1. May I ask you to list the residues in segment 81-92 that are within 16 Å of ASP38 (Cα to Cα) and crowded, with 16+ Cβ neighbours inside 10 Å?
2. Could you list, in sequence order, the residues of segment 75-84 that are touching a strand residue (DSSP E or B) at 6+ places or on another chain (Cβ under 6 Å) and at pLDDT below 95?
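The values are calculated or read from the model by the stated rules, or taken from the named source; none is laboratory data. Keep in mind it's a predicted model, so treat the numbers as computed, not measured. Cβ placement follows ideal geometry from the backbone for every residue including glycine, while neighbour counts extend to all protein chains displayed.
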Amino acid sequence: MTDHHTSQSDESAAGTGRRKRKRCRRRCGDGVCKRLVDLDAGETGTVERVGRRGRRRLRSMGVRRGKEIKVCSKHPFGGPVVVDVGQSTVSLSRAHARDLEVATEG
């Protein structure tokens, strides 16, 4: 029996055994909400949501809801994402960057 409710994103990840996560494109206040990992170097935004993964650790590094965040660099091959938060420069894993939703202008 064929499941007709399978989306294209689910089919593309079927070979890996994992579900592909949909991109966050919600409206947040005056801008668009994106995952931090989807921002390019030099882009800034405001943290709107912090996921459950490593919430306490991110909070200790100064990454909280409402804080201004700027992507400094993204290392290749799944490496860390380096961001400026307040007066600090912090290196986040890609997993943590995927769990942060950021409101950007545009």
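1. VAL81, VAL82, VAL83, LEU92
2. Filtering segment 75-84 down to residues touching a strand residue (DSSP E or B) at 6+ places or on another chain (Cβ under 6 Å) leaves 80-84.
Within segment 75-84, no residue meets the criteria.
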